[in-house]
Amino acid sequence: MGMYGGPCMGMQGGIGAPGASSTAVEGSSGATSSYTSNVEKTTSGMINGARHVMGRATGKWWYDQAIPFNAANNPYYPFLVAEIQKARPRVKPPTTYELCRAILDAKIDDV
């Protein structure tokens, strides 16, 4: 289990692919690891294009906010991405005030 509850933390706190574990020994040269292999497989689909750019931006925010990796399994996550994709390019994200007031109040009313 990783530092933030997710399965993606490798040796020495590095971020790796889900379920990846490193077999390399620190300081050994030329060591091939399953960690590197899994990371290459995971990132191979995100190398090019818009998905790569979106992944980098999402990851930067995700890691900065220390969001648990398993939050990507939440059913609202794909919904969030789909709604962002539908939004016009100049739509601004909700402010802190909107998130903690109007949007939260609307969610409470839904319950």
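A simple packing score, the average count of other Cβ atoms within 10 Å per residue, orders the peptides 91-98, 52-59 as 52-59, 91-98, with the highest score first.
Modelled spin-label separation between Ala66 and Ala50, with each label point placed 7 Å from Cα along the Cα-to-Cβ direction: 3.4 nm. Maximal additional length on extending the Lys86-Ile108 stretch stands at 5.5 nm, based on 0.36 nm per residue less the C-alpha distance. Shape class for region 44-111: prolate, because the ratio a/c of the largest to smallest gyration tensor axis (alpha-carbon atoms, square roots of eigenvalues) is 1.5 or more and a/b beats b/c.
Taken together, the values in this text are just the output of simple stated rules run on the coordinates, not laboratory data. Bear in mind the structure is a predicted one, so any value in this text is a computation, not a measurement. Every residue, glycine as well, gets a Cβ built from its backbone with ideal geometry; the counts of neighbours run over all protein chains shown.
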